[in-house]
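A short worksheet on the structure shown next.
The values are calculated or read from the model by the stated rules, or taken from the named source; none is laboratory data. Keep in mind that what you see is a predicted model, and the values were worked out from it rather than measured. Here the Cβ is made from the backbone with ideal geometry for all residues, glycine too, and neighbour counts use every protein chain on show.
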Amino acid sequence: MGSLVTALGSWLDARSHDGTWLIRIEDVDHERCSEAFTKKILTQLTHLGLESDGPILYQSQRHDIYWQYAQVLEEESKFYACQCSRKSISLSNLVNTALDQTQQALTHPPVYSGTCKALNLRSMQSDLNPILNFNGAIRIHVPQETIEWTDRRLGRLDQKLALKVGDFVIKRKDGPFSYQWAVVVDDIEQHVTHVVRGEDLADNTPRQIFLYQQLNHLPPSYLHLALVKNELGQKLSKQTLAPELDLTHPLDTLKIAAQHLGLKGQASNIASSLLSWTEQWQEMYPGH
């Protein structure tokens with residue numbers, strides 16, 4: 001249901017502002033994705049009247065595009081190679097925060113302290129070998145400045161990347177480019193102007209805005225929706241054993257999602273209901 005709420009909200013936002021709604025399969029993490037899951041998602045969306053206005057993009061097929069964009073920043077010495085494991089970073093955080101007993105070490109993702117920044121690991125292979133060919137993770141230098149942005153629902157927000165995240169990974173040790181890098185490149189390539197997603201992804205926004213800046217592109221407008229939670233206050237997900245969507249009565253299922261978004265009413269069919277909710281959405285979120 002949480003995924004449906006996000007899909008419906010983003011679809012309504014596109015429709016209410018004469019935009020196009022794009023479906024993107026973010027399967028850059030091959031181990032967690034499967035063709036069967038992808039097919040199921042697309043089938044469910046079709047049953048609910050939510051179909052992409054353009055070709056469906058698959059991140060797993062776009063490694064070369066991500067590489068081309070990364071080469072631009074590599075030439076500007078924006079990256080460095082890193083051999084640290086996530087476990088070692090987390091342990092370092094625990095040690096660094098033990099004295100004041102803060103919870104910073106428990107944040108997700110763990111803050112990277114820059115251990116490998118000065119090691120010049122590229123020279124361990126060859127001075128002529130590009131950093132992007134390093135057999136390990138690749139990180140990008142982040143500034144000390146604070147990233148500020150205005151969310152269409154949450155209002156004015158800010159984050160200091162160096163303090164909250166540190167230099168973050170743009171290419172993973174196991175080969176694929178990171179989610180952060182892939183979505184920014186895809187947004188640029190697809191001319192995305194508005195992003196509508198769940199509130200749990202709001203902390204990704206400053207990293208993505210920073211990457212837009214590095215690539216000399218304006219970031220899109222962001223709208224982060226309230227999460228659907230269970231009775232324990234946990235986000236609905238596979239980890240919290242959330243039930244699958246019941247598509248026995250698609251319109252009733254859509255109505256539940258619409259109610260979570262603050263929308264009222266339901267017509268006799270999906271098309272009429274979507275039209276009514278689109279008009280309501282335009283009143284709720286009139287600006288761009």
Starting from the stretch 158-170, take each residue that is at positive phi and list its partners that are modelled with pLDDT under 95, counting only C-beta distances under 6 angstrom and pairs at least six apart or across chains.
G166/V111; G166/Y112
Residue pairs qualifying under the 6 Å Cβ cut-off, at least six apart or on distinct chains, with the first in the stretch 33-52 being within 11 Å of L254 (Cβ to Cβ) and assigned by TED's automatic domain parsing to the domain that holds T6 and the second being assigned to a helix (DSSP H, G or I) and of a type in the set (G, A, S), are L50/A7
Name the residues in the stretch 160-181 that are buried (at least 21 other Cβ atoms within 10 Å of the Cβ) and acidic (D, E), would you?
D167
Of everything in the stretch 10-24, what is surrounded by 21 or more Cβ atoms within 10 Å (Cβ to Cβ) and more than 18 Å from the chain's Cα centre (by Cα)? Give them in sequence order.
L12
